[in-house]
Amino acid sequence: MARPVRVKKSDPTRALAIVDGLEELYPEAHCELTFESPFQLLIATILSAQTTDVRVNMVTPKLFAKYGTPAKLAAATNKEIEPIIQSTGFFRNKAKNILGAARVLMDDFDGVVPRTMDELLTLPGVARKTANVVLGSAYGLNEGFVVDTHVMRLSQRLRFTKQLEPVKIERDLCELLPRDKWTKLGHQLIWHGRRVCFARKPACHECALAPHCPSAGKV
DNA sequence: ATCCCGAGGG
DNA sequence: CCCTCTGGAT
């Protein structure tokens, strides 16, 4: 027996009001990692796991001065890389991942960061979040939706989704929000998460989205 | 103590 | 699902 009724999705009209509000608040929202190539954004994004972009931007100039291309990074050793990225945390895993990613790029992709989700997912240290950052901010493609800690938190507070798993949240966001704005909206949600909708004590009293937010004053 | 533009393995 | 890897800021 087929399930007779679908639950109504999150109200698309309310969602679009929030989209407009975010555009008004953060028309300039963009990726705040510093990079000069798709490769450098890929590496910076791998390094950004569980740390702030400010911290990543403190180590990447030194890293990219010597190892700013796939060929150069692929030829490096863990011992050379680890001290440079140490302050970003998880530095042994991250060193292994960025070296491994550089080597896969050389071996399988002619040293060019690929432009598809499936190909990006073959790189060590790269899952959907990192792949979506590269596709969106290095290549300008709206292939998916970046779901990081901020996007996850805001999506739940704004009731864009009730899911807890990032991949399910991404699916809901893609169904609900206009595709041509996925990348920009990701940045805008992150900016709002940093500036107003804090993890611990969100500033609902000064939030322009509060009229549209089911969680306003309740967190 | 909790959080930060996570990923991989059990 | 859970856990671990890891450091710095608040």
Exercise for the section: Kindly list the number of the only condition in (1) closer than 20 Å to A:Ala95 by Cβ; (2) within 16 Å of DNA strand C (Cβ to nearest atom) that fails for A:Phe64. Expected result: (2)
Problem - Which listed residue is within 16 Å of the chain's Cα centre (by Cα) and within 16 Å of DNA strand C (Cβ to nearest atom), from A:Gln50, A:Gln40 - result: A:Gln50
Problem - Options A:Leu189, A:Leu177; residue that is buried (at least 17 other Cβ atoms within 10 Å of the Cβ), under 14 Å from the mean Cα position of the chain (by Cα) and on the phi < 0 side of the Ramachandran plot - result: A:Leu189
Completion exercise
If we keep only residues of the stretch A:154-173 that are touching a helix residue (DSSP H, G or I) at 6+ places or on another chain (Cβ under 7 Å) and more than 16 Å from DNA strand C (Cβ to nearest atom), then the residue nearest to A:Gly136 (Cα to Cα) is A:Leu173
Fill in the blank from the handout: Within the stretch A:106-119, of all residues that are within 15 Å of DNA strand B (Cβ to nearest atom) and without any contact (Cβ under 8 Å) to a residue 60 or more places away in the chain, the one surrounded by the fewest Cβ atoms within 10 Å (Cβ to Cβ) is A:Asp118
Completion exercise
Of A:Lys168, A:Lys94, the only residue that is under 21 Å from the mean Cα position of the chain (by Cα), of a type in the set (Lys, Arg) and buried (at least 16 other Cβ atoms within 10 Å of the Cβ) is A:Lys94
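From the set of residues in the stretch A:120-155 that are among the hydrophobic types (A, V, I, L, M, F, W, C) and touching a Cys at 6+ places or on another chain (Cβ under 8 Å), which is nearest to DNA strand B (Cβ to nearest atom)?
A:Val133
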Handout entry: Candidates A:Phe64, A:Phe90, filtered to the one that is in contact with a helix residue (DSSP H, G or I) (Cβ under 7 Å, 6 or more places away or on another chain) and over 28 Å from A:Leu176 (Cβ atoms)
Key = A:Phe64
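Would a scan of the stretch A:145-158 turn up a residue that is of a type outside the set (S, T, N, Q), more than 22 Å from A:His212 (Cβ to Cβ) and in contact (Cβ under 8 Å) with a residue 24 or more places away in the chain?
Filtering the stretch A:145-158 for residues of a type outside the set (S, T, N, Q) gives A:145-148, A:150-154, A:157-158.
Restricting the remaining residues to those that are more than 22 Å from A:His212 (Cβ to Cβ) gives none.
No.
Bear in mind these aren't lab numbers, they're just calculated from the coordinates by the rules spelled out. Since the model is a prediction, treat every value here as computed from it, not as a measurement. A quick note on method: Cβ atoms are made from the backbone with ideal geometry, for glycine too, and the neighbour counts reach across all protein chains shown.
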